[in-house]
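Input: a single structure, listed below in structure tokens.
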Amino acid sequence: MNSPVYLDYAATTPVDPRVADLMSRHLTMDGIFANPASRSHMLGWQAEQTVENARRQVADAIGADPREIVWTSGATEADNLALIGYMRANRARGRHLITSTIEHKAIIDSAMALVEEGFDVTWLKPDADGRISPASLSDAMRDDTLLVSLMAVNNELGSINDLAALAKVAHANGAIFHTDAAQALGRIALNVKHLGIDMMSLSAHKAYGPKGIGALYVRRDAQLRLEALIHGGGHERGMRSGTLATHQIAGMGEAMAIATAEHNEDQQRIRQLRDRLLQGLSDINGVHCNTQTDSAVPNILNLAFDKVDGESLLMALRDIAISTGSACNSASVEPSHVLKEIGVPRPLALASLRFSIGRFTTEADIDHALDALHHALTGLRR
Ligand SMILES: *Cc1c(COP(=O)(O)O)cnc(C)c1O
């Protein structure tokens, strides 16, 4: 059996071979394997150099200072640290947090955990295009609002929030602005200073780096304090203890550097592939675009198919690796919370598929997917 065509890059990306090569040189006895916190020998200093070089690469990718980057195990942990760490550290000043109903589960569940601790959460609803309007944020702001957290790019739809406008509203009312940018790096321009972002969550594995490593950007400001969630040796200026994973960190730095350098080229090629996919479907009836392509990243296309059962469609498309709704909910058959929130009717939401294209996708992959789709849809609708 041929291995399926991979069109699930929004769930995770393969590690770029250039990144894997660099990582492999940070594992074994003949590589840079030592503990970056070992101050007593040269091997430790070398590992520290690797970590600091990667910290600069990540900082450069988002226009930050290296001292503003905190390593975490991924965007999930960065989201937890941003929301829970910030609200707990500032509980004396207020108890209100604003986020949205179409965030990733890492944000939604962190906010729910804060409700358990006595904090108040306002859940903003998206417009039909999957974006949060600055006006709705403005209406929700209160005197005791400490933090606003709204994602940069939605992982199911690809919709892009206007971060600059949203951050401006948060700041005008004295709140801090956090964004989950796991899906955004390498897809849209992300300069924290230009956009006015105070905290930003990043993940390596959504941008051709390894799984298990991410970062939280925390703007340098004495007022911006976080309470640590993981206690130990006081690494990362006390915000996140634990021995730094040199090989993972080196991999993330390199992946972010490549993503920035090749951003335009990658996105242009991917847009052409996305348009090829759309064009190839134009002769099939009853295909709805859940993604509003003019305000979304080109690598994600969420489509709904009329008059078919979602499960049967997925079965018939075994040759293509794709997601129904978000990969993170694929264990349950409930329609995706994101599709529900933008008003996709339940049967259509259940028959929606997310195609996500990436650096290694070819025209042949798209054509193969189109053949499979034509075949499956004619078969199932007959
Ligand atoms: C993948 C993803 C996460 C989780 O990132 P991990 O590094 O896998 O923990 C969080 N938010 C969004 C928007 C994502 O796409």
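Yes/no matrix, rows are residues, columns are (1) more than 23 Å from Arg219 (Cα to Cα); (2) within 12 Å of the ligand (Cβ to nearest atom); (3) among the hydroxyl-bearing types (Ser, Thr, Tyr); (4) surrounded by fewer than 24 Cβ atoms within 10 Å (Cβ to Cβ):
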residue	(1), (2), (3), (4)
Leu81	no, yes, no, no
Arg93	no, no, no, yes
Ile107	no, yes, no, no
Thr122	yes, no, yes, yes
Ser136	yes, no, yes, yes
Asp144	no, no, no, yes
* Asked: How many residues does region 216-242 hold that are over 27 Å from Ala175 (Cα atoms) and either within 16 Å of the ligand (Cβ to nearest atom) or at pLDDT 95 or above (or both)?
  -> 1
* Subset tally (residues that are outside any strand (DSSP E or B) and of a type in the set (A, V, I, L, M, F, W, C)) for region 185-205 -> 6
* Asked: Cβ-Cβ below 6 Å, separation at least six or inter-chain, first residue in region 95-107 and at positive phi, second modelled with pLDDT of 95 or more and near the ligand (Cβ under 10 Å from one of its atoms): which pairs?
  -> none
* To do: Select from region 43-72 the residues that are out of contact with any Ser or Thr (no Cβ under 6 Å at 6 or more places or on another chain), of a type outside the set (A, V, I, L, M) and buried (at least 19 other Cβ atoms within 10 Å of the Cβ) and write down the one among them that is farthest from Asn264 (Cα to Cα).
  => Glu48
* To do: Being under 18 Å from Ile258 (Cα atoms) and acidic (Asp, Glu) is the filter; apply it to region 6-26 and report the residue that is farthest from the ligand (Cβ to nearest atom).
  => Asp21
* Structure fact -> Taking region 111-120 and the residues there that are hydrophobic (A, V, I, L, M, F, W, C) and surrounded by fewer than 20 Cβ atoms within 10 Å (Cβ to Cβ), the one that is nearest to Gly343 (Cα to Cα) would be Met112
* To do: Identify all residues within region 113-130 that are under 20 Å from Ala175 (Cβ atoms) and under 20 Å from the mean Cα position of the chain (by Cα); write none if there are none.
  => Trp123, Leu124, Lys125, Pro126
* To do: Filter region 194-205 down to the residues that are buried (at least 18 other Cβ atoms within 10 Å of the Cβ) and closer than 25 Å to Leu114 by Cβ, then identify the one that is nearest to the ligand (Cβ to nearest atom).
  => Ser203
* Structure fact -> So, first residue free of Cβ contacts under 8 Å to residues at least 12 places away in the same chain in region 207-236, second residue within 16 Å of the ligand (Cβ to nearest atom) and not charged (D, E, K, R), Cβ within less than 7 Å, six or more apart or across chains; the pairs are Gly232/Gly242
* **Matching entry among Ile213, Ile176, Ile258, Ile249 (being modelled with pLDDT of 95 or more, away from the ligand (no atom under 16 Å from the Cβ) and closer than 20 Å to Arg55 by Cα)** => Ile258
* Can you tell which of Asn90, Asn53 is at pLDDT 95 or above, closer than 30 Å to Asn173 by Cβ and of a type in the set (S, T, N, Q)? -> Asn90
* **Test for Ser356: is it modelled with pLDDT of 90 or more, farther than 19 Å from Asp8 by Cβ and out of contact with any helix residue (DSSP H, G or I) (no Cβ under 9 Å at 6 or more places or on another chain)** => no
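The values are calculated or read from the model by the stated rules, or taken from the named source; none is laboratory data. As the structure is a prediction and not an experimental result, all values here were calculated from the model. Ideal geometry is used to build each Cβ from the backbone, glycine not excepted, and the neighbour counts take in all protein chains shown.
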